[in-house]
Amino acid sequence: MGALVNEDLVGLICLDRRGCIVEANERGREVLRQEGGLRASLANDARGRLTSHLPEEAEAIERLLEAALGRHARGRPGASLVLGESDNRPSLALHCHAVIGGPHGASGVGAIMAIVPVRLPVSAVAVRRALGLTPAESRVAAALAEGKTVAEIARAAKVRRDTVHWHLKQCYSRTDCRTQAEFVSLVLSVLRLPIRV
């Protein structure tokens, strides 16, 4: 499965036909262990039904599982859902696809749930090494590549927006980029991350 997806970023959870967890890759288990996030419905039982600590998210996950696994799901390609950011977790996209027949169906797997952070984590250290930026410039570049706005970057760093713009101007100069979009594409390409359109 590692050849199909980057398992460091994508959590994969196998569910049975009732939506109960059968198994998960390491990233999937990490997502389930995070406080206040996704979890198995039965305390101390990793094989419980996939749900959330937050009631509104739990209801949305139930609708997602019904759309992907319910009796009216036959022939549908799957279903997706985006869970908003919480105190302990970034925004997550959940993509649930039913497994029809084949070798997985025989082992009790009814669906595969892919859990992907909406904003991919970008390493400031990797950006610094790849592009020769200063530590401050690389932190700004990494945050920008994660999809954060200049205002969000300034607020998180407790600096003025003008300071973030100055760092960006330095980044553009060092990398021969003329626009923010061109710079973000460069950062994502040197780190071999998917470029958002």
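Distance between the 7 Å Cα→Cβ label points at ALA60 and ALA151: 2.2 nm.
Extension gain, SER123-ARG89: 0.36 nm per intervening residue step, less the Cα-Cα distance, totals 10.5 nm. Stretching LYS169 away from GLU35 to a fully extended chain increases their span by 44.4 nm, per 0.36 nm per residue minus the current alpha-carbon distance.
Values in this text are rule-based calculations from the coordinates and carry no lab data. Remember, it's a predicted structure, so these values are computed and weren't measured experimentally. Don't worry about glycine lacking a Cβ; one is built from the backbone with ideal geometry, like all the others, and counts go over all protein chains shown.
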